[in-house]
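Participant: Below you'll find the structure I mean.
The values are calculated or read from the model by the stated rules, or taken from the named source; none is laboratory data. A quick note: this is a predicted structure, and the numbers were derived from the prediction, not measured. Using ideal geometry, Cβ is built from the backbone for each residue, glycine included, and neighbour counts are taken over all protein chains shown. Just so you know, the surface numbers come from the protein's heavy atoms only, side chains and all, with ligands and any DNA or RNA stripped out. Shrake-Rupley method; radii C 1.70, N 1.55, O 1.52, S 1.80 Å.
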Amino acid sequence: MITGKNYIGNNLIANGIKTYTTFNPQLNKENTSVFVEATTDEIDQAVSLAKTAYKEFSKISGVRKAVFLDVIADEILALDDELIQTYCSETGLPEGRAKGERGRTVGQLRSFAKLVEEGSWVEATIDTAQPDRQPMARPDVRKMMLPLGPVVVFGASNFPLAYSTAGGDTAAALASGCPVIVKSHPMHAGTGELVASAIIKAAEKTGMPNGVFSNINSSGIEVGVYLVKHPDVKAVGFTGSIRGGRALYDLAAQRDEPIPVFAEMGSVNPVIILPNALQDRGEALAKTYASSITLGTGQFCTNPGLIVGIKGAELSNFVSNLSKDILEINPTCMLHPNIVGAFEQSKSTVLSQEKINVTAEFTDTVQSNYAKQVVATVDGSTFLENTKLHQEVFGPFSIIVQCENSDELEEVISKLEGQLTGTVIGANDEVSEYSNVVSALQNRVGRIIFNGVPTGVEVCPSMVHGGPYPASTDSRFTAVGVNSIKRWVRPFSYQDWPNHLLPDELKNENSLEILRHINGKLTMSKI
Ligand code: NAP
């Protein structure tokens, strides 16, 4: 049951006076549950509990953390239809998407459970002592990853489950041994509270310390700002706009003790579409891209917002086919009137620039909060001169850049800001002719896709969901897959520390049977 209260550790508390509701964009009306924003006292309490919980939680075994994560997954599934219906009423997204995202969220939690149960993720590295080494003895040095401390996670508007309360950031931080304080996204506060209740139930059932998790309601940016500035918070995870992510990053850098902010932000996900591929299967590609641009009403960080090709009959045919196909797709609902407003505003900013041609624009009347898809074209030279055309339009929108030749194509790609993904559509024999373009693309993105679409992010250890700024604030890390745990840990060395006082991961006997680097060799051996 949704109470509208904050989880301050295991307790539901709401002493504040600022209230808000969520919005059903399909029905174009407010939902009935009333949420109470956390007071500064409540936030202080949550952080203080997290700080205390860290002392115990950071040392809990991988096996116990795995049980905790698995029970969170079970408790989320046990929320059953209440969760699905709340999700749909707060997002306008269909039931199928809600269930798919729940499956992904549960899958993420279980994959982190497996990772920490196995245990080798801590990157144990041991260089044994060489007392007789000349001219100086070598000490015994042993390194492993340790959790940073309390982490604040900002829920994302476009993924209420997979990138929010118990989403990838939270799962990774808990797996690492960091307590988590979620700044609930105000647009899906009910979904957030239900998932938070599942985490708290799991924490209680598995004997985790009170404060390992808190869920904080907020209706404006003040709560998030307060949390990021809080001296006992040690890292931040964020998914959303460049403006929001950058503001939090700057705030964290200005603290007396700066802390890392891992923000996954905007991306236009360039798609390079080469002439031979267009000649071979231009019609099919147009259909595929019409679907990809409109998938989820374009509200994916991997939406293909920019298609780049070389002028010619093939590209012209592709533009007309894509423009025809995209108008045959029925418009769908956006997450919230504010997102609709942001879509309309950023779309009109791009379309009001000089030398932009709109080739498809849905003009029929649509229901409130439904988005009308748009495709536009522009010449390579105009695109290069005007960086307003490079910005993300979050929604069903794509701009096709028509370049004179492959040199201009390379220049367009190399002038782009950092991106989450880049896609190359080419016939097998033509891609090698564009190796400079492919290299330029590799330099700008975190993931490169061959003959596919950027929408759809597989959750697996080899996935990189990140990229050069502003796709993310630190391109060395991924936000998806078990390797995202590395954002919440730091390397730590013990020198000449007695064996019995070392953590199990570094003890001679390797009772955990994990893979370790010992004197330069990867092994499961004892010492
Ligand atoms: P957002 O505006 O970036 O907000 C995300 C979260 O950060 C919200 O909880 C918000 O708090 C908080 N926040 C934003 N600015 C802040 C600031 N200056 N200081 C402290 N906290 C701040 O994103 P959104 O609400 O999810 O959607 C708005 C727009 O973001 C979309 O239209 C879209 O352009 C973009 N977006 C992009 C992606 C992507 O993956 N590329 C994903 C989602 C959204 P409050 O809500 O409490 O104000």
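For (1) under 25 Å from E392 (Cα atoms); (2) outside any strand (DSSP E or B); (3) within 15 Å of the ligand (Cβ to nearest atom); (4) without any contact (Cβ under 8 Å) to a residue 40 or more places away in the chain, each residue gets a yes or a no:
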residue: E257; (1), (2), (3), (4): no, yes, no, yes
residue: V268; (1), (2), (3), (4): yes, yes, yes, no
residue: D280; (1), (2), (3), (4): no, yes, no, no
residue: G296; (1), (2), (3), (4): yes, yes, yes, no
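Participant: Does A286 satisfy being outside the structural domain of F159 (by TED's automatic domain parsing) and under 19 Å from V453 (Cβ atoms)?
Facilitator: Here the answer is yes, as A286 does meet what is asked.
Participant: Confirm whether K355 is in a loop (DSSP other than H, G, I, E, B), free of Cβ contacts under 8 Å to residues at least 40 places away in the same chain and away from the ligand (no atom under 16 Å from the Cβ).
Facilitator: Considered against the rule, which asks whether it is in a loop (DSSP other than H, G, I, E, B), free of Cβ contacts under 8 Å to residues at least 40 places away in the same chain and away from the ligand (no atom under 16 Å from the Cβ), K355 comes out as yes.
Participant: If we only count helices (runs of 4 or more DSSP H) wholly inside region 128-242, which ones have 3 or more residues that are within 30 Å of D256 (Cα to Cα), within 16 Å of the ligand (Cβ to nearest atom) and open to solvent by 10 Å² or more (accessible area, probe 1.4 Å)?
Facilitator: Of the helices (runs of 4 or more DSSP H) lying wholly inside region 128-242, those with at least 3 residues that are within 30 Å of D256 (Cα to Cα), within 16 Å of the ligand (Cβ to nearest atom) and open to solvent by 10 Å² or more (accessible area, probe 1.4 Å) span 221-229.
Participant: How about region 112-127: which of its residues are assigned to a helix (DSSP H, G or I) and surrounded by 19 or more Cβ atoms within 10 Å (Cβ to Cβ)?
Facilitator: F112, A113, L115, V116, W121, V122
Participant: Condition first: open to solvent by 40 Å² or more (accessible area, probe 1.4 Å) and within 16 Å of the ligand (Cβ to nearest atom). Can you find one or more residues in region 420-427 that meet it?
Facilitator: no
Participant: Could you go through region 421-431 and let me know if any residue there is in contact with a Lys or Arg (Cβ under 8 Å, 6 or more places away or on another chain) and either within 30 Å of T377 (Cβ to Cβ) or in a loop (DSSP other than H, G, I, E, B) (or both).
Facilitator: Yes, that holds for at least one residue.
Participant: Then there's this: Can you confirm whether V393 is over 30 Å from E30 (Cβ atoms), in contact (Cβ under 8 Å) with a residue 60 or more places away in the chain and of a type outside the set (G, A, S)?
Facilitator: Spelling it out, it is not the case that V393 is over 30 Å from E30 (Cβ atoms), in contact (Cβ under 8 Å) with a residue 60 or more places away in the chain and of a type outside the set (G, A, S).
Participant: Ok, one more. Which one is farthest from the ligand (Cβ to nearest atom) among residues in region 328-352 that are hydroxyl-bearing (S, T, Y) and closer than 15 Å to I399 by Cα?
Facilitator: By that ranking, first place goes to S352.
Participant: Here is a follow-up. Based on this model, can you work out whether I514 counts as under 21 Å from V63 (Cβ atoms) and of a type in the set (V, I, T)?
Facilitator: When the stated conditions are applied, I514 passes them.
Participant: Are any of the residues in region 365-375 at positive phi and out of contact with any Lys or Arg (no Cβ under 7 Å at 6 or more places or on another chain)?
Facilitator: yes
Participant: List the pairs whose first member sits in region 337-352 and is under 17 Å from Q26 (Cβ atoms), whose second member is part of a helix (DSSP H, G or I) and near the ligand (Cβ under 9 Å from one of its atoms), and whose Cβ atoms are under 8 Å apart, counting only residues at least 6 apart or on separate chains?
Facilitator: Pairs found: N338/M187.
Participant: Would you check if N303 is in a loop (DSSP other than H, G, I, E, B) and within 20 Å of the chain's Cα centre (by Cα)?
Facilitator: yes
Participant: Let me ask something additional. Those residues that are among the charged types (D, E, K, R) and within 16 Å of G167 (Cβ to Cβ), I need them from region 459-517; list them, please.
Facilitator: R487 - this is the single residue of region 459-517 that is among the charged types (D, E, K, R) and within 16 Å of G167 (Cβ to Cβ).
Participant: In this structure, does R255 turn out to be out of contact with any strand residue (DSSP E or B) (no Cβ under 8 Å at 6 or more places or on another chain) and surrounded by fewer than 22 Cβ atoms within 10 Å (Cβ to Cβ)?
Facilitator: Against the criterion (out of contact with any strand residue (DSSP E or B) (no Cβ under 8 Å at 6 or more places or on another chain) and surrounded by fewer than 22 Cβ atoms within 10 Å (Cβ to Cβ)), R255 qualifies.
Participant: Oh, and also: When you go through S368, S291 one by one, which is the residue that is in a loop (DSSP other than H, G, I, E, B), modelled with pLDDT of 95 or more, surrounded by fewer than 21 Cβ atoms within 10 Å (Cβ to Cβ) and among the hydroxyl-bearing types (S, T, Y)?
Facilitator: The conditions single out S368.
Participant: Now, a different point. When the residues of region 390-414 are narrowed to those that are within 16 Å of the ligand (Cβ to nearest atom) and open to solvent by less than 10 Å² (accessible area, probe 1.4 Å), which ends up farthest from I339 (Cα to Cα)?
Facilitator: Checking each candidate, the answer is I399.
Participant: Sort through E392, E361 and tell me the only one that's acidic (D, E) and touching a strand residue (DSSP E or B) at 6+ places or on another chain (Cβ under 6 Å).
Facilitator: So the residue among E392, E361 that is acidic (D, E) and touching a strand residue (DSSP E or B) at 6+ places or on another chain (Cβ under 6 Å) is E361.
Participant: Let me spell it out: the conditions are (1) within 21 Å of Q402 (Cα to Cα); (2) in contact with a helix residue (DSSP H, G or I) (Cβ under 9 Å, 6 or more places away or on another chain); (3) of a type in the set (G, A, S), and S316 meets all of them except one. Which number is the exception?
Facilitator: So the condition that S316 fails would be (2).
Participant: If you go through region 96-105 one residue at a time, do you hit one that is among the basic types (K, R), crowded, with 21+ Cβ neighbours inside 10 Å and under 21 Å from the mean Cα position of the chain (by Cα)?
Facilitator: Yes; the residues of region 96-105 include at least one that is among the basic types (K, R), crowded, with 21+ Cβ neighbours inside 10 Å and under 21 Å from the mean Cα position of the chain (by Cα).
Participant: Taking the options D81, D74, name whichever one is acidic (D, E) and closer than 26 Å to F57 by Cβ.
Facilitator: Residue meeting the stated conditions: D74.
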